[in-house]
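S.K.: Below you'll find the structure I mean.
All of the numbers you see were taken from the coordinates with simple rules; none came from a lab. This one's a predicted model, so the numbers in the text were calculated from it and none came from an experiment. Methodologically, a virtual Cβ is constructed for each residue, glycine included, from the backbone with ideal geometry; neighbour enumeration extends over all protein chains shown.
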Amino acid sequence: MSELVPIEFKNQRILTTEQLAEVYNTEPNNIKNNFNNHKNNFEQGKHFYLLQGKELREFKSQVNNIDLPINKFASSLYLWTERGANRHCKILDTDKAWEQFDNLEETYFKAKEIKKDSYTIDDPIERAKAWIKEQEEKKVLQLANHQKDQIIGELKPKADYTDLILKSKSLVTITQIAKDYGMSGQKMNDLLYELGVQYKQNGQWLLYSQHHGKGYTHSKTVDFKHSDGRPDVKMNTNWTQKGRLFLYKLLKDNGVLPTIEQDIKEDI
């Protein structure tokens, strides 16, 4: 197969019927007949382009300095894409055709044009166009990076604190939970009271009935002595990890975040 002159249409490599016939070692009429006999297997815009009128004239002007066997009087022209070349190879179904298609894939369709930086272009108008395109591409890339950073920033804090909760299976006190939020146990208890989670009775914080039976808390008996030395017991409410996660979601819905998720104010 002789070296093919690269031709592009709609930003992809294409082949004329004559080129395709040369590659597959057949006649152009065979390519045309195969296409006419199997038209249902070809889709315009995917396997081929049919150029006519103004589009054909523009294409001829584009390749007028390239040695291509194109009839300048032709009223229509078929251009074959990589998929189209593959379809013709399947129709021919010869070892030579498959061998040549493999060569096409590796040496023609997958060959990438080396992109020129704007400063290497001599023509001032084309250089300006290339520079504008470079700046637009940079803006798009910069925006994509910022959006990616924001998504990561939105997902990471929640995952961090949730992971912290799920790693532990033990009971925790309200003081331990409050510490995650940078506040005292008393302040956290008062906040949960305001949010309708719990109420205090006989010195113990108890959940309202709508939160019963959900495994959020576990009451623990604690021995203690009065100031006069009398022994006694009291009940303390400890939180399970499920309850801790419940509080996390509830507090977050009300704008209260653990310190690990609190926004760091940027300097203005």
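S.K.: Starting from 0.36 nm per residue, how many nanometres of slack lie between N36 and L206 once their C-alpha separation is accounted for?
M.R.: 52.9 nm
S.K.: Express in nm, to one decimal, how much length is gained between L245 and A128 on full extension, taking 0.36 nm for each residue of separation and deducting their alpha carbon distance.
M.R.: Full extension from L245 to A128 adds 36.4 nm.
S.K.: Please arrange R230, R57, R13 by how many other C-beta atoms lie within 10 Å of their C-beta, fewest to most.
M.R.: On the way: R230 8, R57 11, R13 21.
Least crowded to most crowded, the residues run R230, R57, R13.
S.K.: Let me ask you something else. What distance in nm lies between label points placed 7 Å from Cα along the C-beta direction at N29 and L56?
M.R.: My value for the distance between the label points is 2.1 nm.
S.K.: Another question about this same structure. R83: net charge of surrounding residues, Cβ under 10 Å, Lys/Arg +1, Asp/Glu -1, itself excluded?
M.R.: Net local charge, R83 excluded: 0.
S.K.: If you don't mind, there's one more thing I want to ask. What number of lysine-lysine pairs in segment 170-253 show an alpha-carbon separation below 20 angstrom, given a sequence spacing of 8 or more or placement on distinct chains?
M.R.: So the count works out to 17.
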